[in-house]
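The structure appears below as structure tokens.
What follows draws every value from the coordinates through simple rules; no lab data is involved. Because the structure is a prediction, the values reported are computed rather than measured. All Cβ positions, glycine included, derive from the backbone under ideal geometry; neighbour counts span all protein chains shown.
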Amino acid sequence: MYNSKKREADRYIKNNKYKINNQYRLNYHLMGEYGWINDPNGFIQYKDNYHLFYQHNPYEAVWGPMHWGHAVSKDLIKWDHLPIALAPDEDFDRNGCFSGSAIEKDEKLYITYTGHVSTGTNEKEDYRQVQCLAYSEDGIDFTKYKCNPVIDTNQVPNNSSSKDIRDPKTYKVGDSYYTFLGSNDKCENGQVLMYKSNDLINWKFVNVVAKSRGELGENWECPDLFSLQDKDVLIVSPQYFKVSSNDFTNIYSCVYMVGSLDYNLGKFKYDNFSPVDYGFNFYAPQTTMDSKGRRIMIGWMTMWEKEYPTYSKGHNWAGAMTIPREVILKDGKLYFKPVEEIEKYRINEVVLKDIEINKEEKLDINGDSYELEISYDAKEADEFGLKLRVNDYEETVLSYIKKDKQFIFNIDNSGVGQKGQRRTEVDLINNKLKLRIFVDKCSVEVFINDGEKVMTGLIYPSEDAIGIKAFSKGKSNIEILKKWDIK
Ligand code: FRU
């Protein structure tokens, strides 16, 4: 039975993937081969390959019975799909193999993940979540540990939900393994629990490492914890975040805290928190450290409770991952930089220099899958920016308003699908603004001022919307603009 559910899913994908409509399929971002994907899972470099697993419903382009899809890459940009790694087929995970992480031990690849089991008729209320283990000799074929779960409901402390407890992030420090689980305190405060083990099988609860004090969402999902330089960083994805400023306008957000973790006490101390991404579509990221010593993060480039035109239009797929981003700590803040491997895929370079902009004008470049690198001198402009994926009636607008110090990403006229704008405060540096923008069919990722802030969003323009315009109210100057198609 165990293998049959996985092979059934593989067969279904193979027999149905010709039904995918490619209109919005991305060129240089990871997607599933068919159906729905959400969170990145088990991100790790193992025996020469980067492995990325993902939450996957292989049967339909909507969330459903969660499997673990699997892809490998040598360079984090081009991915090959492998057979389904986990299917929901045991008593402890029969309604879903939910998110989790991967770790190498004795040359084997281990997965810690959440088994989701329905316990009644109300899908939203009646369920149980337990933590499970699976392992593989070759990193491809996974066997579930025979005595799952390894963390059961009776190991949940009193002050924590025994129902919402999921998404183990597991790593080793010294001789001990630690796992971090997203949960809540039963009083609408998200929290992270820490467990410790010597063997990945027997786990002991240590403490609640961090928790919302009413300001950080009702339930925390997908914790990720790692050290960077001499600090520890905690990333969580809180559900039902109360909108407090421009920075948190999605109902589900993703935040990071820089602080320090006391492994003995199981306490994470931090002063404040910031969004990981300021756009529309970014959630549940995972990080890993690679052999080059880089901390790399990949996020789910979609979001819950949004419109998914690739589903509603019958394109038979939904969901994609962000460009892998290197995480850099500078002056207590995280900066994000697209991994340098993306630069190998640049073709057709165009360089434009010293362009004075005083109104709106069409630039002599276009495309639907490209990278732009731009340095602006704001001069005396009140507002300036770019319009991407432009045709006669569609445009996606990136603008900067000087007096408000606001950078704005507006998708009201981007095409079909979600609408709205996201804005965030950005300081000009010596009256200058630097942007690195990645457009890939239905995605836009904007890295502002060397990755000090990032905005990620999905758009669904018409195929002929390939124009690029610059505009300025008052005079501004594009000191240099470089464009590459990415193939
Ligand atoms: C986050 C999440 C996780 C869960 C998974 C289910 O997006 O809700 O908490 O494990 O998705 O697919």
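A few notes on this one:
- FRET efficiency for the pair Asn431 and Lys47, taken as 1/(1 + (r/R0)^6) with r the Cβ-Cβ distance and R0 = 60 Å, rounds to 0.75.
- Reported to the nearest whole Å, the Cα centre-to-centre distance from the stretch 446-483 to the stretch 136-210 is 42.
- Relative contact order (percent, whole number), the chain, Cα cutoff 8 Å, 6+ residue spacing: 13
- Modelled spin labels at Asp392 and Asp230, positioned 7 Å past Cα toward Cβ, are 6.3 nm from each other.
- In this calculation the C-beta distance from Ile201 to Lys292 is compared with R0 = 45 Å, giving a FRET efficiency of 0.90.
- The modelled label-to-label distance for the pair Asp450/Ile480, using points 7 Å beyond Cα in the direction of Cβ, is 1.5 nm.
- Ellipsoid fit via the Cα gyration tensor, the stretch 1-76: semi-axes of 20, 17, 11 Å, each the root of five times an eigenvalue, largest first.
- Counting 0.36 nm for each residue step from Lys353 to Glu305 and taking away their Cα separation leaves a gain of 13.1 nm.
- The gain in end-to-end length when the Cys187 to Asp152 segment is fully stretched comes to 10.5 nm, 0.36 nm per residue minus the alpha carbon separation.
- Other-chain or far-sequence residues with amide H under 5 Å of Tyr145's (modelled H): Leu133, Ala134, Tyr135
- Projected label points at Lys17 and Asp80, each 7 Å from Cα along the beta carbon direction, are separated by 1.2 nanometres.
- Note on Asp331 and Asn3: with the Förster distance fixed at 56 Å, the Cβ-Cβ geometry gives a FRET efficiency of about 0.65.
- Taking a ≥ b ≥ c as the square roots of the Cα gyration tensor eigenvalues, the stretch 292-433 comes out rounded, since a/c falls below 1.5.
- Helix 2-16 vs. the chain, principal-axis angle (Cα, 0 to 90°, nearest 10): 30
- Taking GluC sites (Glu not before Pro) across the stretch 357-414, the ones in a DSSP loop with at most 15 further Cβ atoms lying within 10 angstrom of their Cβ are Glu380.
- Value of relative contact order over the stretch 347-486, rounded to a whole percent, pairs C-alpha under 8 Å and six or more apart: 45
- If the chain linking Glu137 and Asn122 were pulled fully straight, counting 0.36 nm for each residue of separation and taking away their Cα-Cα distance, it would gain 1.5 nm.
- In percent, rounded to a whole number, the relative contact order of the stretch 143-282 is 16, using alpha-carbon pairs under 8 Å and six or more apart.
- Label-reachable residues, the stretch 419-461, where backbone N falls under 18 Å from a point 7 Å from Lys487's Cα toward its Cβ: 439-441
- √(5λ) per eigenvalue of the Cα gyration tensor, the stretch 4-338, largest first, Å: 27, 23, 21
- For the stretch 152-204: Kirkwood Rh in Å [reciprocal of mean 1/r, alpha carbons]: 11.5
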